[in-house]
Amino acid sequence: AQSVAQPEDQVNVAEGNPLTVKCTYSVSGNPYLFWYVQYPNRGLQFLLKYITGDNLVKGSYGFEAEFNKSQTSFHLKKPSALVSDSALYFCAVTLAGGYQKVTFGIGTKLQVIP
Amino acid sequence: DTEVTQTPKHLVMGMTNKKSLKCEQHMGHRAMYWYKQKAKKPPELMFVYSYEKLSINESVPSRFSPECPNSSLLNLHLHALQPEDSALYLCASSHQAGAAYEQYFGPGTRLTVT
């Protein structure tokens, strides 16, 4: 079985400040990890993924995430938040070598305050 | 073209109606997916098609019937739905159905069953 935990329902950050959205995972094997963002009344948009290699992954719109195997975490970060970053963020996991059965976390609402 | 399109955007149907949702992508992707998303919840996988063949059915009730006429199109036929089936239905595609591939989502169809 695989699971994803996003411990914060909502994260508030001031515009221009760094942001972190937390994600931990559980899989019986090596994980592939993803971050997606969802704006109101829209589908999900892919931000970045970790498959293998460098633990620091850079993605779209200035976002990055760090894979930490010992802590089973994949936190999403951005050095300077924009108001337009306000959205719902989903962390997701699949099992390496497996089929495309994605397990999503419950989502974290990011609110960037002007 | 990196877009997944879905029609209609909104659909209201009675419990005795038959309707269909349509999804289209022209990215050359060989895997396509249907998800159901309730408000403030993560997407739940319903079906996966790989090379136009159904590869995963997540024990979805038979009142939902998927169809993949060709590599660019995915339909979801609806019949005798229940009010609890009201949700946002998302279509997605990926290069292939392997676990390492990110998914591209359409904007969704907002379904209301009366």
Aspartates and glutamates near residue A:22 by alpha-carbon distance under 14 Å, same-chain residues fewer than 8 away left out - which ones? A:8, A:9, A:64, A:66
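Please state, rounded to one decimal and in Å, the Kirkwood hydrodynamic radius that chain B gives when every pair of distinct Cα atoms enters the mean of 1/r. Write down the numbers at each step before the final one.
Values: mean 1/r = 0.0714 Å⁻¹.
About 14.0 Å, per the Kirkwood formula over Cα pairs.
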Lys/Arg Cβ at +1, Asp/Glu Cβ at -1, dipole of the protein assembly as shown taken about the Cα centre: which of B:39, B:111, A:89 is farthest positive-ward? B:111
Dipole check, chain A, charges on Cβ (K,R +1; D,E -1), about Cα centroid: among A:40, A:18, A:1 the Cα furthest to the positive pole belongs to A:1
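Among the listed pairs A:77/B:22; A:49/B:36; A:69/A:109, give every one whose C-alpha distance is greater than 28 Å.
Over 28 Å apart, Cα to Cα: A:77/B:22.
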How compact and how long is segment A:10-87, expressed as Rg and Dmax of its alpha-carbon atoms in Å? 12.9, 38
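Across peptide B:95-101, what mean number of C-beta atoms from other chains lies inside 10 Å of a residue's C-beta? Write down the numbers at each step before the final one.
Working: counts 0, 1, 3, 7, 14, 10, 7.
That average works out to 6.
Taking neighbour counts of Cβ atoms within 10 Å as a proxy for exposure, in what order, fewest first, do A:23, A:91, B:68 appear? Walk me through the numbers on the way to the answer.
Details: A:23 25, A:91 29, B:68 18.
Ranking A:23, A:91, B:68 by Cβ neighbours within 10 Å, fewest first, gives B:68, A:23, A:91.
Each value in this text was obtained by applying a stated rule to the coordinates, not by laboratory testing. In this text the structure is predicted, and so the values were computed from the model without any measurement. Neighbour counts run over all protein chains shown; Cβ positions are idealised from the backbone, glycine included.
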